[in-house]
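In what follows, a single structure is set out as structure tokens and then discussed.
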Amino acid sequence: MLMIPGPTPVPEQALLALGRHPIGHRSGEFSEIMAEVTENLKWLHQTQNDVLVLSASGTGAMEAGIINFLSAGDRVLVGSNGKFGQRWAEVAKAYNLDVQTITAEWGKPLDPEQFRQALEADTDKQIKAVIITHSETSTGVLNDLETINRHVKAHGEALIIVDAVTSLGAYNVPIDEWGLDVVASGSQKGYMIPPGLAFVSVSAKAWKAYETSNLPRYYLDLGPYRKTAAKNTTPFTPPVNLFFALQATLRMMKAEGLENIFARHDRLKRATRAAVKALGLPLFGADDCASPAITAVAPVSAEAEQIRSVMKKKFDIALAGGQDSFKGKIFRIGHLGFVCDRDVLSAIAALEATLQSLNVEFPAGAGVAAASQVLNAG
């Protein structure tokens, strides 16, 4: 049972679709699937912009989002308050961009005011892009993308490039309403299928920047993806069976509806956090910036890795660990994608039994009761 931020659980409809015999990716049948998938991706992204599909991970989508619209020496602001914000700064530096990092302590959200000040101080309009991780998976923190984006829009020149890998499909990211330029995500998260596909939404403003970008690219050059997507095909060989699965899960998502998807993730997040608090375990990150994808816990009465080990061995439930300097200090409970009330209740009940086996004192049944109260309230 996967209770990690990715890969996430895969529904039966998608598993059955994956088991189909492959078809030719240059066939009319595949073009029909591609057309439906593209239309539904635009629905999910709440955009009329291009939404391009790459055979890559979320990191590939973000690298593509950076290198297609910028040039060597361009100045960029990168928000870094966790592992993935840190990664995007590393990618930008690898391509010889002039990187200014706006940081926050891991477990804390980025401060939009720091972005406002940096952007307003840039009177010569040298800042070409602001790169933000919306849901920082390493810490379970949701950054205030809407406010930061408003400051970027006030600047006028800079693009906003967004890692929405664990927010898209779990939280409201209205791309056209907010005017987001480049938004990247990955298949093994809210899309509910295995790893292997990545998605990049591109605005008209970003395509204008593409015309003058001079960074090296070939496989991740989004121009050919745009050209072939208009003909319902791909520039290179795609993982055909993942498209079968994506077709199935996008249909499921449309049937559930965006508002219901967002409400479900919010309810599961609140239930998980209420349960953890009731068990006397400290949360890593405040309620007002909690990610809908993952809840990070910083236990003091037992070691994080001990808890993860027992959960896996006794109950076959996988929780995520901490990263970098927080390895062994926190564990993370995923509630992203194909996850329902029953899954959260099962995980919390198993967590209670795990704590009991580790001789941790807590009010018996408190976690399940707290989660149930939230879930019953809706």
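For (1) outside the structural domain of V53 (by TED's automatic domain parsing); (2) modelled with pLDDT of 95 or more; (3) within 21 Å of the chain's Cα centre (by Cα); (4) farther than 21 Å from L97 by Cβ, each residue gets a yes or a no:
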position	(1), (2), (3), (4)
I127	no, yes, no, no
S135	no, yes, yes, yes
S138	no, yes, yes, yes
N143	no, yes, yes, no
I148	no, yes, yes, no
H155	no, yes, no, no
V162	no, yes, yes, no
V165	no, yes, yes, no
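Looking only at residues of the stretch 284-293 that are at pLDDT 95 or above and touching a Gly at 6+ places or on another chain (Cβ under 8 Å), we find that the one that is surrounded by the most Cβ atoms within 10 Å (Cβ to Cβ) is A293.
This table checks each residue for (1) within 21 Å of the chain's Cα centre (by Cα); (2) in the same structural domain as L220 (by TED's automatic domain parsing); (3) surrounded by fewer than 20 Cβ atoms within 10 Å (Cβ to Cβ).
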{"site": "L15", "(1), (2), (3)": "no, yes, yes"}
{"site": "F30", "(1), (2), (3)": "no, yes, no"}
{"site": "I33", "(1), (2), (3)": "no, yes, yes"}
{"site": "E36", "(1), (2), (3)": "no, yes, yes"}
{"site": "N40", "(1), (2), (3)": "yes, yes, yes"}
{"site": "Q46", "(1), (2), (3)": "yes, yes, yes"}
{"site": "V53", "(1), (2), (3)": "yes, yes, no"}
{"site": "S57", "(1), (2), (3)": "yes, yes, yes"}
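For beta carbons closer than 9 Å, sequence separation of 6+ or different chains, a first residue in the stretch 284-296 that is more than 18 Å from V344 (Cα to Cα) and a second that is surrounded by 19 or more Cβ atoms within 10 Å (Cβ to Cβ) and hydroxyl-bearing (S, T, Y), the qualifying pairs are F284/T139; F284/T295; G285/T139; G285/S291; G285/T295.
A count restricted to the stretch 221-275 and to residues that are at positive phi and surrounded by 15 or more Cβ atoms within 10 Å (Cβ to Cβ) stands at 1.
Residue-by-condition table, conditions (1) touching a His at 6+ places or on another chain (Cβ under 6 Å); (2) among the charged types (D, E, K, R); (3) buried (at least 19 other Cβ atoms within 10 Å of the Cβ):
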{"site": "I102", "(1), (2), (3)": "no, no, yes"}
{"site": "P109", "(1), (2), (3)": "no, no, yes"}
{"site": "K125", "(1), (2), (3)": "no, yes, no"}
{"site": "K128", "(1), (2), (3)": "no, yes, yes"}
{"site": "V141", "(1), (2), (3)": "no, no, yes"}
{"site": "I161", "(1), (2), (3)": "no, no, yes"}
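When Q117 is tested against (1) surrounded by fewer than 20 Cβ atoms within 10 Å (Cβ to Cβ); (2) touching a residue at least 60 places away in the same chain (Cβ under 8 Å), exactly one condition is not met: (2). Do you know which residues across the stretch 59-93 are among the aliphatic types (A, V, I, L, M) and either surrounded by fewer than 23 Cβ atoms within 10 Å (Cβ to Cβ) or in contact (Cβ under 8 Å) with a residue 40 or more places away in the chain (or both)? A61, M62, A64, I66, I67, L70, A72, V76, L77, V78, A89, V91, listed by residue number.
Looking at the stretch 204-219, can you tell me whether even one residue there is surrounded by fewer than 20 Cβ atoms within 10 Å (Cβ to Cβ), at pLDDT 95 or above, basic (K, R) and touching a helix residue (DSSP H, G or I) at 6+ places or on another chain (Cβ under 9 Å)? Yes, the stretch 204-219 contains a residue that is surrounded by fewer than 20 Cβ atoms within 10 Å (Cβ to Cβ), at pLDDT 95 or above, basic (K, R) and touching a helix residue (DSSP H, G or I) at 6+ places or on another chain (Cβ under 9 Å). Remark: F236 matches the filter, which requires a residue to be assigned by TED's automatic domain parsing to the domain that holds Y219, out of contact with any helix residue (DSSP H, G or I) (no Cβ under 8 Å at 6 or more places or on another chain) and either not in a helix (DSSP H, G or I) or not β-branched (V, I, T) (or both).
Residues that are hydrophobic (A, V, I, L, M, F, W, C) and over 17 Å from the mean Cα position of the chain (by Cα) within the stretch 59-77 comprise I67, F69, L70, A72, V76, L77, listed in sequence order. Checked against (1) over 30 Å from T38 (Cα atoms); (2) in contact with a Phe, Trp or Tyr (Cβ under 6 Å, 6 or more places away or on another chain), S185 passes all but a single condition, namely (1). Looking across the stretch 25-58, the residues that are in contact (Cβ under 8 Å) with a residue 60 or more places away in the chain and over 27 Å from T133 (Cα atoms) come down to H25, R26, F30, S31, E32, I33, M34, A35, E36. In this structure, A278 does not satisfy being surrounded by fewer than 16 Cβ atoms within 10 Å (Cβ to Cβ) and either free of Cβ contacts under 8 Å to residues at least 60 places away in the same chain or of a type outside the set (S, T, Y) (or both).
The values are calculated or read from the model by the stated rules, or taken from the named source; none is laboratory data. If you're wondering where the values come from, they're calculated on a predicted model, not measured in any experiment. Neighbour counts are summed over all protein chains in view; Cβ atoms, including those assigned to glycine, are modelled from backbone coordinates with ideal geometry.
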